[in-house]
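S.K.: Below are the structure tokens for one structure; questions will follow.
The values are calculated or read from the model by the stated rules, or taken from the named source; none is laboratory data. Only a predicted model underlies this, so the values are computations on that prediction, with no experimental measurement involved. Note that each Cβ is placed from the backbone with ideal geometry, even for glycine, and that neighbours are counted across all protein chains shown. All accessible areas refer to the heavy atoms of the entire protein, side chains included, with ligands and DNA or RNA removed. Shrake-Rupley method; radii C 1.70, N 1.55, O 1.52, S 1.80 Å.
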Amino acid sequence: MNFTQSKPVGILGLGTAVPDKILTNQDLEEMVDTNDEWIVTRTGIRERRVLSPGEKPIDIVIPAARKAIEESGLKPSEINGLIFCTYTPDYIMPASACLLQGELGLGRDGLCYDLNAACTGFVYGMQVGWATIRSGLARNILLVGADFNSMVTDYTDRSTCILFGDGAGAVVLGEVDEGSGILGNSAGVDGQSWKHLMLSAGGCAAPITAENLESRDRYIQMNGREVFKFAVRAFNEAFEKAAADAGIEPSEVDLLIPHQANIRIIQSAMDRYGFNADRVVINIEKYGNTSAGSIPLALETARQEGKLRKGMTCALVAFGGGLTHGATILRW
Ligand code: UT7
């Protein structure tokens with residue numbers, strides 16, 4: 001095993017996918033006491049994607065992963081690691097990563113597991129993937145960020161059901177040219193605040209019972225104001241620490257690719273660091289908050305809008321349940 005791998009690690013291919021079904025603010029007006037104007041001004045969201053009955057998370061993830069692999073130019077068998085970042089897997093066991101490895105015929109030697117860091121999942125995954133390749137434990141890794149929040153959203157709770165959507169993204173991580181790839185990282189957690197964002201029933205501490213089956217406990221519960229305050233603070237901390245790790249100032253970042261949780265959180269970062277709209281990726285109006293799917297979907301939006309160009313320095317910044325936060329500085 002080679003533990004002296006020093007080549008830079010970066011993204012060799014990117015693919016994304018979302019369910020076809022669209023849930024608009026107008027649809028939600030029919031379901032809870034809310035209105036389009038409140039949702040747009042308080043969150044920036046106009047619509048989100050949701051699974052249709054009978055559709056499974058893995059059905060959406062497979063085409064995203066296939067696109068990423070195709071773009072990487074690698075054979076599936078050359079990918080010998082799979083990290084699947086999600087808190088909404090198809091099954092509690094086995095890991096969704098294993099379902100995907102089997103479906104895609106990826107290499108059979110190597111680590112294959114799910115990583116749950118909620119909305120920070122993809123950024124944590126970038127860092128773990130980077131470290132795994134640098135250590136020599138894998139040569140190329142498929143990293144998935146995907147969540148299907150509609151499966152655990154309470155559509156009678158107007159404070160949460162307006163926010164969340166479903167979506168998936170995947171990247172292939174591997175060696176890239178000198179001067180590009182991952183330049184710096186930061187990760188953190190405030191584990192004392194975990195109760196502010198949780199799904200209380202369905203795990204082993206509180207399995208689903210006849211009593212809680214009809215309760216709100218099996219859906220996302222969030223103390224929105226507390227999470228909002230955390231998010232603004234955590235964003236700044238994660239971004240500044242990752243920039244320092246990369247040896248640059250936040251102002252030297254060309255493109256900010258933030259977790260899409262609330263337009264006001266993104267706006268606060270833009271104001272603080274003096275980023276105009278050209279230097280920030282925003283797609284929250286179309287997808288809402290897709291948790292671990294958010295950053296790869298934003299990468300794809302950046303590419304489609306022509307904002308993401310070779311040689312650019314990008315900052316991926318995320319925060320979420322845990323309460324976790326993290327950032328990665330990447331030269332595209
Ligand atoms: O990725 C995971 C991280 N999650 C987040 O980052 C979410 C962070 N939090 C938020 O984005 C915001 O806190 C929310 C969007 C969830 C809520 O926005 P807010 O500006 O913090 O609203 P609020 O909870 O302070 O509520 C203000 C008012 C309340 O009414 P009263 O008490 O002032 O009469 C709410 O009942 O807005 C009411 N309200 C709504 N009104 C219409 C709450 N939700 C709605 C709604 N439609 N959907």
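S.K.: Yes or no: the range 44-51 includes at least one residue that is among the hydrophobic types (A, V, I, L, M, F, W, C) and surrounded by fewer than 15 Cβ atoms within 10 Å (Cβ to Cβ).
M.R.: no
Let's see how each residue does on (1) under 30 Å from W130 (Cα atoms); (2) touching an Asp or Glu at 6+ places or on another chain (Cβ under 8 Å); (3) modelled with pLDDT of 95 or more; (4) not assigned by TED's automatic domain parsing to the domain that holds F148:
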residue	(1), (2), (3), (4)
T4	yes, no, no, yes
P19	yes, yes, yes, no
N25	no, yes, yes, no
M31	no, no, yes, no
N35	no, yes, yes, no
I39	no, no, yes, no
E47	no, yes, yes, no
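S.K.: Which residues, counting only those in the range 272-288, are touching a strand residue (DSSP E or B) at 6+ places or on another chain (Cβ under 7 Å), under 24 Å from M151 (Cα atoms) and open to solvent by 10 Å² or more (accessible area, probe 1.4 Å)?
M.R.: Matches in the range 272-288: K286, Y287.
S.K.: What is the residue count in the range 242-266 for residues that are open to solvent by 70 Å² or more (accessible area, probe 1.4 Å) and out of contact with any Gly (no Cβ under 8 Å at 6 or more places or on another chain)?
M.R.: Number satisfying all stated conditions: 2.
S.K.: Pick out, from the range 1-61, the strands (runs of 3 or more DSSP E) lying fully within it that include 1 or more residues that are under 30 Å from R139 (Cα atoms) and of a type in the set (G, A, S).
M.R.: 9-17
S.K.: Would you confirm whether or not the range 286-297 contains a residue that is in contact with a Leu (Cβ under 7 Å, 6 or more places away or on another chain), among the hydrophobic types (A, V, I, L, M, F, W, C) and within 16 Å of the ligand (Cβ to nearest atom)?
M.R.: yes
S.K.: Please enumerate the residues belonging to the range 242-267 that are part of a helix (DSSP H, G or I) and within 16 Å of L323 (Cβ to Cβ). Even if it seems obvious, please write down each step before you answer.
M.R.: The initial filter retains those residues of the range 242-267 that are part of a helix (DSSP H, G or I), namely 242-246, 250-252, 263-267.
Correct list: I265 only.
S.K.: Pick from the range 281-310 the residues that are assigned to a loop (DSSP other than H, G, I, E, B) and either of a type in the set (K, R) or assigned by TED's automatic domain parsing to the domain that holds I39 (or both): which of them is farthest from D20 (Cα to Cα)?
M.R.: This residue is K310.
S.K.: Only one of R233, R225, R218 is open to solvent by 50 Å² or more (accessible area, probe 1.4 Å) and touching a residue at least 60 places away in the same chain (Cβ under 8 Å); which?
M.R.: It is R218.
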